[in-house]
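Asks: Here you go, one structure.
The values are calculated or read from the model by the stated rules, or taken from the named source; none is laboratory data. Note that the structure is predicted; figures quoted are calculated from it, not measured. Methodologically, a virtual Cβ is constructed for each residue, glycine included, from the backbone with ideal geometry; neighbour enumeration extends over all protein chains shown. Keep in mind that these areas ignore ligands, DNA and RNA; they rest on the heavy atoms of the full protein, side chains included. Shrake-Rupley method; radii C 1.70, N 1.55, O 1.52, S 1.80 Å.
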Amino acid sequence: MTSPRQTPTPVTAVSPVTAVARLQALPGREAEVRAQALALVAPTRAEPGNLSYRPYEDPAAPGAWAIVEEWADDASWQAHLASPHLADALARTAALLAEPPVVRVFTG
């Protein structure tokens, strides 16, 4: 017996968006990644359509971060991705990370 497949919910203009980014700092660069993650809170929270922006550091794995963002809709999420403060932060953080950020986007 096969199980039914779930159809993904399409992103629409009115679908809320939750993004989860995983970051891993290079050894010795943990404090710099922490500073960058925390520095994004205020400007991101001020963006139209942002419902929350929460950075979490894994206490069992220093330098491992999960950033959880909630947006009112895809348009506000897309505007965030194009924001100058995010582009600047990504450029500064790239050299501090062991690997590129992994971002998963969920709607519903």
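Asks: Pull up all non-local amide H partners of Ala98: gap of 5 or more, or a different chain, and H-to-H distance under 5 Å with H placed in the peptide plane.
Replies: Amide H to amide H, under 5 Å and 5 or more residues apart or across chains, Ala98 pairs with Gln24, Ala25, Leu26.
Asks: As a test question: what accessible area, to the nearest 10 Å², does Glu32 have when a 1.4 Å probe is rolled over all protein chains in place?
Replies: 80 Å²
Asks: Moving on. Kindly list the residues of the range 30-61 that lie in the label zone of Ala82, defined by a backbone N under 20 Å from the point 7 Å along the Cα-to-C-beta vector.
Replies: Residues 43-51 qualify, since their backbone N sits under 20 Å from the label point.
Asks: A further question follows. Quote the accessible area belonging to Arg22 in square angstrom, nearest 10, computed with a 1.4 Å probe and with ligands, DNA and RNA left uncounted.
Replies: Taking all protein chains as shown, Arg22 has close to 140 Å².
Asks: If you don't mind, another one. Report the local net charge at Gln78: Lys and Arg +1, Asp and Glu -1, summed over other residues whose C-beta lies under 14 Å from its C-beta. Numbers along the way, then the final one.
Replies: Details: positive: none; negative: Glu47, Glu69, Asp73, Asp74.
Summing Lys and Arg as +1 and Asp and Glu as -1 gives -4.
Asks: Which length gain, in nm to one decimal place, applies between Ala91 and Ala61 when the Cα-Cα distance is subtracted from 0.36 nm times their residue separation? Each step should come with its number before you reach the end.
Replies: Numbers: separation 30, 0.36 × 30 = 10.80 nm, distance 2.37 nm.
Contour length minus Cα-Cα distance gives 8.4 nm.
Asks: Show me, for the range 46-55, the HN-Hα J-couplings you get by feeding each phi into the Karplus relation (A = 6.51, B = -1.76, C = 1.60, θ = phi - 60°), rounded to Hz, glycine and proline as x.
Replies: Values per residue, Gly and Pro as x: 7, 6, x, x, 7, 9, 6, 8, 10, x Hz.
Asks: All other residues with a Cβ under 10 Å from the Cβ of Ser52 taken together, and with Lys, Arg as +1 and Asp, Glu as -1, what is their net charge? List each step's numbers first, then the result.
Replies: Values: positive: Arg45, Arg54; negative: Glu69, Glu70.
That works out to 0.
Asks: Per residue, how much accessible area does the chain show when a 1.4 Å probe rolls over the protein heavy atoms, in square angstrom? Walk me through the numbers before you get to the answer.
Replies: Working: 6700 Å² over 108 residues.
Ligands and nucleic acids excluded, the result is 62 Å² per residue.
Asks: Say the dipole of the chain comes from +1 at the beta carbon of Lys and Arg and -1 at that of Asp and Glu; which of Ala37, Asn50, Ala60 then lies farthest toward its positive end?
Replies: Of Ala37, Asn50, Ala60, it is Ala60.
Asks: Can you name the helices of the chain, as whole DSSP H runs, whose Cα span along the helix axis is 27 Å or more and whose Kyte-Doolittle mean is not below 0.5? Show your work: numbers first, answer last.
Replies: Working: long enough: none.
Span-like helices here: none at all.
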